[in-house]
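Have a look at the structure below, then the notes.
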Amino acid sequence: MMNDLVIIGSGGFGRELLAMLEDINREKKQWNVIGFWNSDGHGEGEEVQGLKVLSKLELFEKKLPYFAFGLGFPEAKLKTLLAMPKEANFPSLVHPSVVRSSTASIGSRGVVITAGNILTVDLRIHDFAMLNLGCTVGHDSQVGAFSVLSPGVHLSGNVLLGEGVSVGTGASIIPGKKVGAWSTIGAGAVVTTDVPPGSTAVGVPAKVVKVRDVFPEVGTTGTNR
């Protein structure tokens, strides 16, 4: 039996997620993608990749389907989730090509791990995290809830990413470093020191160039700040 699923976000990553679900279904038929949904109502009634962009009315006045986030922005995921019915179900989705040790722990809710990722030993990926193409996560590391790793990110061993961290394409974090909640690491950056919560760090080695005055309340899912 295939389960109905709606992709939240009809942009670039939403379309990539659709392709990933097709790959998963080739291994084992699980998901019947019935459409896209944008929480801001953008594109309602239009078609993307042959699927309709659904309205909120179509979604929430019937039996709820499963949902998957096709969004690459941590705060957008959190904001959308908090506005949805509590009973909304978000399965964790892992591309068949992912290399994963038996001791790599992946949250049961809303995780998306795309093609080409390598997950080594004794690590943890928290709920609603997203790992884009070709990332590596080293031993004993943690990726906080709602965090997003862009393509080609490399986390060495014992790296701790707090909740809602966004790591840009091709960035690297050396062993044992911590990146505080709701921080942003720029594309190509090399993190060699701890990064405080709410910071933006760029460059090689990465330096903090901005700290936010306000960022989302941490601990939404019990992850480490």
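About the Cα centre, and with charges only on the beta carbon of Lys, Arg (+1) and Asp, Glu (-1), how big is the dipole of the chain? Nearest 20 debye, please.
Dipole size: approximately 360 debye.
May I ask you to give the percent of accessible area on the range 110-199 that is carbon plus sulfur, with a probe radius of 1.4 Å?
After summing per-atom areas, the C and S share lands at 57 percent.
Quick check: the angle from helix 12-27's long axis to the longest principal axis of the chain, C-alpha only, nearest 10 degrees?
The angle comes out near 70 degrees.
Name the residue, out of Gly11, Gly186, Gly152, whose mean-square fluctuation peaks in a Gaussian network model built on the chain with Cα pairs under 10 Å.
Of Gly11, Gly186, Gly152, the Gaussian network model singles out Gly11 as fluctuating most.
Work out from phi, with θ = phi - 60° and the Karplus expression 6.51 cos²θ - 1.76 cosθ + 1.60, the ³J(HN,Hα) of each residue of the range 190-201, listed in order in whole Hz, and give x for Gly and Pro.
10, 8, 10, 9, 4, 10, x, x, x, 9, 10, 10
Please tell me the relative contact order of the range 1-112 in percent, rounded to the nearest whole number, where contacts are Cα pairs under 8 Å and at least six residues apart.
Result for the range 1-112 is 28 percent.
Please work out the Cα center distance from the range 134-184 to the range 42-69, rounded to the nearest Å.
The distance from the Cα centre of the range 134-184 to that of the range 42-69 comes to 31 Å.
Compute the semi-axes of the equivalent ellipsoid of the range 78-225, taking the square root of 5 times each eigenvalue of the Cα gyration tensor, and list them largest first in whole Å.
22, 20, 12
Extent of the range 74-145 along each principal axis, from alpha carbon coordinates, in Å, largest to smallest?
34, 21, 19 Å, listed from the longest principal axis down.
At q = 0.15, 0.18, 0.23 Å⁻¹, what log₁₀ I(q)/I(0) does a Debye calculation on the Cα points of the range 155-206 give, no solvent, two decimals?
-0.29, -0.42, -0.72
Could you give the length gained on full extension between Asp194 and Asp122, defined as 0.36 nm per residue of separation minus the Cα-Cα distance, in nm?
23.8 nm
Dipole magnitude of the range 1-93 about its Cα centre, charges +1 at Lys/Arg Cβ and -1 at Asp/Glu Cβ only, in debye to the nearest 20?
It works out to roughly 260 debye.
Can you find, among Asn25, Thr169, Val209, the residue farthest towards the positive end of the dipole of the chain? Put +1 on the C-beta of Lys and Arg, -1 on that of Asp and Glu.
Result: Val209.
Pull out the extension gain between Gln30 and Glu46, defined as 0.36 nm times the separation in residues minus the alpha carbon to alpha carbon distance; nm, one decimal.
Additional length available on full extension: 3.2 nm.
The values are calculated or read from the model by the stated rules, or taken from the named source; none is laboratory data. Owing to the predicted nature of the structure, the values given are computational and were not obtained by experimental measurement. Please note: Cβ atoms are built from the backbone with ideal geometry, for glycine as well, and neighbour counts cover all protein chains shown. With ligands, DNA and RNA removed, areas are computed over all heavy atoms of the protein, side chains included. Shrake-Rupley method; radii C 1.70, N 1.55, O 1.52, S 1.80 Å.
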